[in-house]
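Report on the following structure.
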Amino acid sequence: MRNVSLDEVDGSGRAVLPIGTDYPPGRLLDWHEHRRAQFLYGATGVMIVDTARGNWTVPPERAVLIPAVTRHRVRMLGVRTHSLYIEPDAVPWWPAACTVVDVAPLLRELLAAAVDFGADYDLSGREGVIATLLLHEIYELAAGVPLPFHVRIPVSEDLAALCRDYLARPDAGVGNADWAGRVAMSERAFTRRFRAEAGESPAVWRGRARLLAAVPLLRTRSVTEVSGRLGYASPAAFTAAFTRAFGTPPSRFGAVSPALPPGPRESAGRAGRDSPGASGA
């Protein structure tokens, strides 16, 4: 199915519903949630997924696993998606939070084939086999280590507002004293509180947020332009920081790159995958 609303087909008896969608540049899918879990793959472009607890940047040819019934929004930057909407009972191993993963060539081809299925595709033939194989392939991804294209959002409204403002307008000139002043706290108390809620210091958080902001910029700008815009001393310094954070150099994310290589992956056990999470997309 292509360019149809999930609401039109959600009543289908199929556990896996594939839908392909072409989005205009900059389209914002504002806050919403789905009853089903979603495997959201961007065949082109960059997606930015936001929930109450985190922000995920999804580079081209990667995907994000979104648990069922989580309120979220997505900004589509030049994106053509191949999505799977999946009944939660069919994926008890689904991660409990959004997770960015690599998509290997086999899975890409399976997704491309699946988005041409009808809403009531044949479970006993080729289409049913592909749907089953899709779940096997995604299970292997969910059992691994997520790609690190993510920052946590603090629970407190005032700290969350600071973080969302920074994600929208990253500024290398902003420091801990600036943020502490905005929430009327001493710098030391602010830093301690932020670390408790976000899991890392404000400076480390801002550094990662600036690097995540580079991913969509690299679609249309050179590494030199992006490094200057984000306040790095040189393209070399930016490249080193980006590669250290994401395991691949920023040049791989440029619009002229024919394809992206797999990101860092590790094998991990499947312990703790007994129940589906509570998010959606």
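The values are calculated or read from the model by the stated rules, or taken from the named source; none is laboratory data. The model shown is predicted, which means the values in this text are computed figures rather than measured ones. In this analysis, Cβ positions are derived from the backbone assuming ideal geometry, glycine residues included, and neighbour counts consider all displayed protein chains.
Kindly list the number of the only condition in (1) part of a helix (DSSP H, G or I); (2) closer than 26 Å to R182 by Cβ that fails for E200.
(1)
Kindly indicate which of Y23, Y41 is crowded, with 22+ Cβ neighbours inside 10 Å and either among the hydroxyl-bearing types (S, T, Y) or not assigned by TED's automatic domain parsing to the domain that holds I138 (or both).
Matching residue, one of Y23, Y41: Y41.
Quickly run through segment 100-119 and pick out the residues that are surrounded by fewer than 24 Cβ atoms within 10 Å (Cβ to Cβ), closer than 21 Å to H150 by Cβ and among the β-branched types (V, I, T).
V100, V103, listed by residue number.
Name the single residue that is surrounded by the fewest Cβ atoms within 10 Å (Cβ to Cβ) among those in segment 120-131 being under 23 Å from R80 (Cα atoms) and among the aliphatic types (A, V, I, L, M).
Among residues in segment 120-131 that are under 23 Å from R80 (Cα atoms) and among the aliphatic types (A, V, I, L, M), the one surrounded by the fewest Cβ atoms within 10 Å (Cβ to Cβ) is I130.
Could you tell me which of the residues R164, R182, R108, R169 is more than 30 Å from W205 (Cα to Cα) and either in the same structural domain as H72 (by TED's automatic domain parsing) or out of contact with any Lys or Arg (no Cβ under 9 Å at 6 or more places or on another chain) (or both)?
Exactly one residue qualifies, and that residue is R108.
Got a number for residues in segment 101-123 being part of a loop (DSSP other than H, G, I, E, B) and farther than 16 Å from S12 by Cβ?
Qualifying residue count for the region: 2.
Please give the number of the condition V115 fails out of (1) in contact (Cβ under 8 Å) with a residue 60 or more places away in the chain; (2) under 13 Å from P18 (Cβ atoms); (3) out of contact with any Gly (no Cβ under 7 Å at 6 or more places or on another chain); (4) among the aliphatic types (A, V, I, L, M).
Only one criterion in (1) in contact (Cβ under 8 Å) with a residue 60 or more places away in the chain; (2) under 13 Å from P18 (Cβ atoms); (3) out of contact with any Gly (no Cβ under 7 Å at 6 or more places or on another chain); (4) among the aliphatic types (A, V, I, L, M) is unmet by V115, namely (3).
Quick check: is even one residue across segment 158-173 farther than 25 Å from V49 by Cα and not aromatic (F, W, Y)?
Yes, the conditions are met somewhere in segment 158-173.
If you go through segment 174-197, how many residues are part of a helix (DSSP H, G or I) and of a type in the set (A, V, I, L, M, F, W, C)?
Qualifying residue count for the region: 7.
I want to confirm something. Restricting to segment 132-163 and keeping residues that are charged (D, E, K, R) and free of Cβ contacts under 8 Å to residues at least 24 places away in the same chain, which single residue is surrounded by the most Cβ atoms within 10 Å (Cβ to Cβ)?
Once the filter is applied, the top-ranked residue is E140.
This table checks each residue for (1) farther than 22 Å from V58 by Cβ; (2) surrounded by fewer than 14 Cβ atoms within 10 Å (Cβ to Cβ); (3) touching a Phe, Trp or Tyr at 6+ places or on another chain (Cβ under 8 Å).
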| site | (1), (2), (3) |
| --- | --- |
| Y166 | no, no, no |
| S186 | yes, yes, no |
| A189 | yes, yes, no |
| R195 | yes, no, no |
| A198 | no, no, yes |
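Would you say G78 is within 23 Å of T132 (Cβ to Cβ), modelled with pLDDT under 95 and assigned by TED's automatic domain parsing to the domain that holds E137?
Against the criterion (within 23 Å of T132 (Cβ to Cβ), modelled with pLDDT under 95 and assigned by TED's automatic domain parsing to the domain that holds E137), G78 does not qualify.
Matching residues to (1) in a strand (DSSP E or B); (2) more than 25 Å from E8 (Cα to Cα):
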| site | (1), (2) |
| --- | --- |
| Y41 | yes, no |
| T70 | no, no |
| T81 | yes, no |
| D89 | no, no |
| W93 | no, yes |
